[in-house]
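Structure first, then comments.
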Amino acid sequence: MPRRVWLPLAAVVLIVNAAQWVIAEAIAATSWTDPTYSYATNYISDLGVPDCGAWFQGREICSPAHQLMNASFAIQGILFATAVVLLARLVEGRARRVVLALAIAHGGAFVLVGLFHGSADAPDHTLAIHVVAAAAGILCANTVAILAGSLRSLELPTAYRVFSIAVGVLGLLSEVLVGMSARTAGVFERGGVYSWLLWSAVTGALLLARYVRTPAVMKNVPV
């Protein structure tokens with residue numbers, strides 16, 4: 001596949017990936033009526049729990065659109081992994097192998113997140129798989145953002161590289177603070193997730209804009 005095809009394709013996939021998650025999450029959240037969903041106190045995983053009326057860690061859960069959110073989890077993993085695997089062609093040597101491993105691990109992790117929901121009423125192994133997979137996926141995606149800023153392979157501005165490293169680091173720090181308080185658990189969890197979604201949207205937009213400005217140059221690059 002020539003560079004003129006896979007590079008803009010990867011950019012579009014990154015943008016679509018971020019958009020589909022945000023839209024699916026918003027629809028799933030607004031479908032809650034009793035109780036209402038809180039972006040500050042509820043975990044994102046609560047949106048994928050199929051057990052209406054269940055209580056977990058002091059939160060009553062009832063997500064009518066749980067199938068939509070679980071599908072979005074899995075789709076996100078597949079799209080993110082696909083885009084990063086394509087962009088890994090810009091990276092050489094050991095760094096490429098690391099990026100590929102992180103992308104594939106993230107993709108697999110979020111497919112598991114979509115398949116195994118985080119419900120207290122589910123078997124113990126189901127909840128464990130969900131929690132471990134979510135943590136691994138979040139770690140991998142934010143690490144990809146940090147690496148993207150550390151490497152010069154994307155040939156994007158210095159400001160982007162600073163942004164990429166900063167958003168990845170802040171995402172990881174935010175995830176560490178999730179357990180600090182039940183009142184802010186949803187906020188900090190989203191900090192660890194929205195970090196790579198923002199990275200996806202910005203990276204995709206910049207790559208696509210660069211391609212639109214210089215398509216002739218890219219068409220002559222035999223990668």
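The values are calculated or read from the model by the stated rules, or taken from the named source; none is laboratory data. Please read these numbers as outputs of a predicted model, since none were measured by experiment. Please note: Cβ atoms are built from the backbone with ideal geometry, for glycine as well, and neighbour counts cover all protein chains shown. Note: accessible area is taken over every heavy atom of the protein model, side chains too, but ligands, DNA and RNA are not part of it. Shrake-Rupley method; radii C 1.70, N 1.55, O 1.52, S 1.80 Å.
Residues whose amide H lies under 5 Å from that of A54, counting only those 5 or more places away or on a different chain, are I61; hydrogens are built 1.01 Å from N in the peptide plane.
What accessible area per residue comes out for the chain, rounded to a whole number of Å², with a 1.4 Å probe? Intermediate results must be reported in sequence, preceding the final value.
Working: 10330 Å² over 223 residues.
Ligands and nucleic acids excluded, the result is 46 Å² per residue.
Relative to the dominant Cα principal axis of the chain, helix 185-213 is inclined by about 20°. Length gained on full extension, A19 to A71, computed as 0.36 nm times the residue gap minus the Cα-Cα distance: 17.3 nm.
How big is the Kirkwood radius of the range 53-94, worked out from every pair of different alpha carbons and given in Å to one decimal? Before the final figure, lay out each step's value.
Working: mean 1/r = 0.0756 Å⁻¹.
When all Cα pairs of the range 53-94 are included, the Kirkwood radius is 13.2 Å.
Computed from Cα atoms, the angle from the helix 3-30 axis to the main principal axis of the chain rounds to 20 degrees. Ordered from longest to shortest, the equivalent ellipsoid semi-axes for the range 77-184 are 28, 18, 9 Å, each the square root of 5 times a Cα gyration tensor eigenvalue. Relative to the dominant Cα principal axis of the chain, helix 158-176 is inclined by about 20°. Equivalent ellipsoid of the chain: semi-axes from √(5λ) of the C-alpha gyration tensor, largest first, are 34, 16, 16 Å.
With contacts taken as Cα pairs under 8 Å at a separation of at least 6 residues, the chain carries a relative contact order of 26 percent.
Can you check what the net charge comes to around G168, using other residues whose Cβ is under 12 Å from the Cβ of G168 (Lys, Arg +1; Asp, Glu -1)? That sum, taken over residues with Cβ under 12 Å, equals 0.
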